[in-house]
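Take a look at the structure set out below.
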Amino acid sequence: MSAADSPITGMTSITRSLEALRATFRSRFEGAATEQALRDENAKILGRKGELTAILQQMGAVPANERKAVGELVNALKRDVELAFDDRLGGLAKGRRDAELNAPPFDLTLPGRVPAPLGHAHPISIVRDEIVDVLVSLGFAVHDGPEVEVEENNFGKLGYPPDHPATDMQDTFWVDVRRKANATPAAPVSGAGFALTLLRSHTSNIQVRAMTGHKPPMAFIAPGTVYRRDDDATHSPMFHQIECFLVDRNVTMAHLKGVLAEFAERFFGAGTPVRLRPSYFPFVEPGAEVDVGCPFCKRADGSRAGCSVCKRTGWIEILGCGMIHPTVFESCGVDPEQWTGFAFGMGLERVAVVRYGIPDMRLLFENDPRFLAQF
Ligand code: PHE
């Protein structure tokens, strides 16, 4: 019997097991098609109950003088298994990435399975667009302008005296208040001592901009956002107006009332009456507030019973108006001896509230879809 045929020793048994494992582990890893399968396979070899662990448990049977060599074989195999595992893991990840990159591109334009609900215009926009349509059809052109305005255009050139209550801190959002050299600390924030910009408190600034930028005659409307320091059920600090004005020769209040009556007919419905009540605005003379007949308590015969919306009066106020004041013309470089004009400014929230019977104006700005979906 040669040495090679000697009975199987602990060492021979272990080396055979190690060789058997070495011969197969790579193909086992290669055969794992997914990361999970690869990890499972790895656990079968290196795990606590794995094959290599089982082999290690046979170390006791290896003669002491051979243990070092066997140990080295075990460690080398373990390292190779680990390297092969990492290799295959990287290969699988790369495969996934390549598959993703080579797949037909994802079509982002496909419609979703759940149809996206389609929105619609906000009630303020609906009302604004309708009013603009009516006035444009009467011959007015749309004039745009900024919401951050200089004090001169919002108040000064419109004839507001420096201490007018509208310019008060309670009413106006001042954006930039730069004190001029001659102002005393005790001076009110409004007034001659200050250079001011503000969030426009009305769309009447467009009268000034139009008249300083265009030669008369002119007929403009200016829809837009305005700001005042008010916040309750009937006032919002941000709201919307539409300004309408006309400058020409020999304009009278009859022209103003004609436009208003036509507007009321077309917007609120045939037969809607209009009335003017004398009122005061610094930039018109004479000035008036305009009421339309309440659409909610209208009787078949055209009379009005009075209801909670119109506070039992049968009338609802929707705007301020008047004949453009000669001082406004003068401060805008328009000759008041030659030119005359009317102007009115309407609150869009007010009109929307009347049109739709909305109980609290703030609902318009809460953006609750349950409310907005009703328009
Ligand atoms: N600007 C005024 C306001 O906001 C309304 C108005 C416009 C009045 C034009 C008269 C003429 O209250």
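The values are calculated or read from the model by the stated rules, or taken from the named source; none is laboratory data. These numbers were taken from a predicted model, which means no experiment stands behind them. No Cβ is skipped: glycine too gets one built from the backbone with ideal geometry, and neighbour counts run over all protein chains shown. For the accessible areas, the whole protein counts, side chains as well, though only heavy atoms, and no ligand, DNA or RNA atoms are used. Shrake-Rupley method; radii C 1.70, N 1.55, O 1.52, S 1.80 Å.
Only a single criterion out of (1) at pLDDT 95 or above; (2) part of a strand (DSSP E or B); (3) more than 31 Å from the chain's Cα centre (by Cα) is not satisfied by K215, namely (2). Among all residues of segment 264-276, there is at least one that is modelled with pLDDT under 95, of a type outside the set (D, E, K, R), open to solvent by 50 Å² or more (accessible area, probe 1.4 Å) and at negative phi. Selection of segment 212-238 for residues being among the hydrophobic types (A, V, I, L, M, F, W, C) and within 13 Å of the ligand (Cβ to nearest atom) yields F220, I221, A222, V226.
Summed over segment 328-351, residues that are of a type in the set (A, V, I, L, M), touching a Leu at 6+ places or on another chain (Cβ under 7 Å) and more than 9 Å from the ligand (Cβ to nearest atom) total 1.
All of S17, S2, S27 fail the test of being open to solvent by less than 80 Å² (accessible area, probe 1.4 Å) and modelled with pLDDT under 85, apart from S2.
Scoring G271 on the criteria (1) away from the ligand (no atom under 16 Å from the Cβ); (2) under 36 Å from the mean Cα position of the chain (by Cα) leaves a single failure, condition (2). Within segment 316-331, can you find the residues that are over 36 Å from the mean Cα position of the chain (by Cα) and modelled with pLDDT under 95? Within segment 316-331, no residue meets the criteria.
Whenever a residue of segment 47-74 is more than 18 Å from E19 (Cβ to Cβ), its partners that are among the hydrophobic types (A, V, I, L, M, F, W, C) and buried (at least 16 other Cβ atoms within 10 Å of the Cβ), lying with C-beta atoms within less than 7 angstrom and at least six residues away or across chains, give the pairs P63/M11. Taken over segment 318-327, the residue count meeting the criterion of being farther than 15 Å from T203 by Cα and within 10 Å of the ligand (Cβ to nearest atom) is 2.
Would you check if F281 is away from the ligand (no atom under 12 Å from the Cβ), outside any strand (DSSP E or B) and of a type in the set (A, V, I, L, M, F, W, C)?
Answer is no for this residue.
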